[in-house]
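Here the structure comes first, spelled out in structure tokens, and everything after it is commentary.
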Amino acid sequence: MSVLVTGGAGYIGSHVVRLLQQRGEQVVVVDDLSNGRAARVGDATVVEVDLATDAAAPALADAFATHGVDAVVHFAARKQVGESVARPAHYWSQNVGGMANLLQAMETAGVGKLVFSSSAATYGAPQSAVVREDGPAEPINPYGQTKLVGEWMSRAAGVAWGLRAANLRYFNVAGAGWDDLGDSAVMNLIPIVFTALDAGEVPTVFGGDYPTPDGSCIRDYVHVLDLARAHLAALDHLGTEERPFDTFNVGSGAGSSVFEVLEVIRRVTGVDVAPDVRERRAGDPPQLVADVSRITSTLGWSTTKDLDDIVGSAWAAWKTNR
Ligand code: WQD
């Protein structure tokens, strides 16, 4: 199989690239290298282009033809919730515009399989603690909205010209499959706490008065290598299944509170610092955990790594790269 991976030089994309390479697939990466690093993708060809620009169509057409591409895994997107609130038009233009250019190029070239990087942010602030794919999807920020629209676009392409698509809704992704592929951006809880510990500062807990057992927010943490495996399972599924469109939660199915994550970080790093419990952060749902029955029954996928593995591998990669 020949697979084109957009955003393949990024944190999650590079894990998928490496797994595909290990399986002997041909991989071509399309990345604007704004956050990605070419060193992450080994000997895969890197086509440097921003999918939301006019340069995307000819670059994709050339890559599809040159590499005989059978399928696309689409990561390339902006992914900061706060930035999306401040610059909504930029997010619509980058994420939705990039997806539109990609789908148009796939249709023109006859590339009929897509795995799309969606997000638990499509759920917004759900009423139920455990969310199912067939439940309400009401995103509360432009980032989540662009991801939900991306799902709609892939469905519409299926109706219009037969695209087969799997949308993967990621929960809280962390950890590293290899030390050189760690998350170098400091945007989520675990790298934020590592940065604080490195600087001799006290980590912050946003809200200790939530209606949860210890008062802090509960999230579903998934190891990036397990998540990457889900993409390969989805690609294989698109090759065999009749169902042309599907959406899957990718999480562990279990929740961990912020205090529980901090306790694992304390154990793994050996740094014992009492956190500063502050005000709630705007827009944080108390609890967001995946119902994983659909991905388990349809793709035969489930997590193999727990929170200790996630924090341990994240810390090992962090130490190598700081
Ligand atoms: C996790 C928990 C914070 C920092 C975000 C996006 C979501 C998805 C994953 C892409 C929350 C708490 C955090 C800190 C804290 N991204 N926290 N102190 O908000 O669950 O999800 O990333 O698809 O769309 O919204 O992740 O890592 O920011 O926070 O107490 O210094 O840690 O309040 O409960 P979040 P996060």
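The values are calculated or read from the model by the stated rules, or taken from the named source; none is laboratory data. Computed from a prediction, not measured in an experiment: that's the story for all the values here. Methodologically, a virtual Cβ is constructed for each residue, glycine included, from the backbone with ideal geometry; neighbour enumeration extends over all protein chains shown. These accessible areas exclude ligands, DNA and RNA; they are computed on the full protein's heavy atoms, side chains included. Shrake-Rupley method; radii C 1.70, N 1.55, O 1.52, S 1.80 Å.
Annotations for the structure displayed:
- Between the range 30-100 and the range 270-309, the alpha-carbon center distance in angstrom: 27
- Taking amide H positions as modeled 1.01 Å from N, with prolines and chain starts lacking one, the residues under 5 Å from residue 277 and 5 or more places away or on another chain are 205.
- If R0 is taken as 41 Å, the Cβ-Cβ distance between residue 277 and residue 254 corresponds to a FRET efficiency of 0.95.
- The alpha-carbon of residue 319 sits under 14 angstrom from the alpha-carbons of these aspartates and glutamates, leaving out residues fewer than 8 places away in its chain: 179, 180, 183, 198.
- Against the chain, whose longest principal axis comes from its Cα atoms, helix 258-269 is set at around 90 degrees.
- Label-point separation in nm, residue 160 to residue 188, each point 7 Å along Cα→Cβ: 3.2
- Solvent-accessible area per residue for the range 164-206 (1.4 angstrom probe, square angstrom): 36
- Contact order, relative form, for the range 189-322: 37 percent (alpha carbon pairs under 8 Å, 6 or more residues apart, mean separation divided by residue count).
- On Cα atoms only, tilt of 11-22 relative to the major axis of the chain in degrees: 60
- Straight-distance crosslink candidates among lysines, where the alpha carbon sits under 26 Å from residue 113 and sequence neighbours closer than 8 are dropped: 79, 147
- Length-normalised contact order of the chain in % [C-alpha pairs under 8 Å, at least 6 apart]: 18
- Contact order relative to length of the range 72-207, as percent, for alpha carbon pairs under 8 angstrom and 6 or more apart: 25
- Couplings 3J(HN,Hα) for the range 171-186, derived from phi with the Karplus relation 6.51 cos²θ - 1.76 cosθ + 1.60 (θ = phi - 60°), are 8, 8, 8, 7, x, 8, x, 9, 4, 7, 10, x, 6, 8, 7, 9 Hz, where x marks Gly and Pro.
- Scoring 114-127, 294-307 by mean Cβ neighbours within 10 Å over their residues and listing the highest first yields 114-127, 294-307.
- Calculated mean residue ellipticity at 222 nm for the chain: -12000 deg cm²/dmol, from DSSP H runs with n ≥ 4 weighted as -39500 (n - 2.57), summed, divided by the residue count and rounded to 500.
- On full extension, the segment bounded by residue 128 and residue 320 gains 65.2 nm, given 0.36 nm per residue less the C-alpha separation.
- For the chain, the longest principal axis of the alpha carbon atoms and the long axis of helix 97-109 meet at an angle near 30°.
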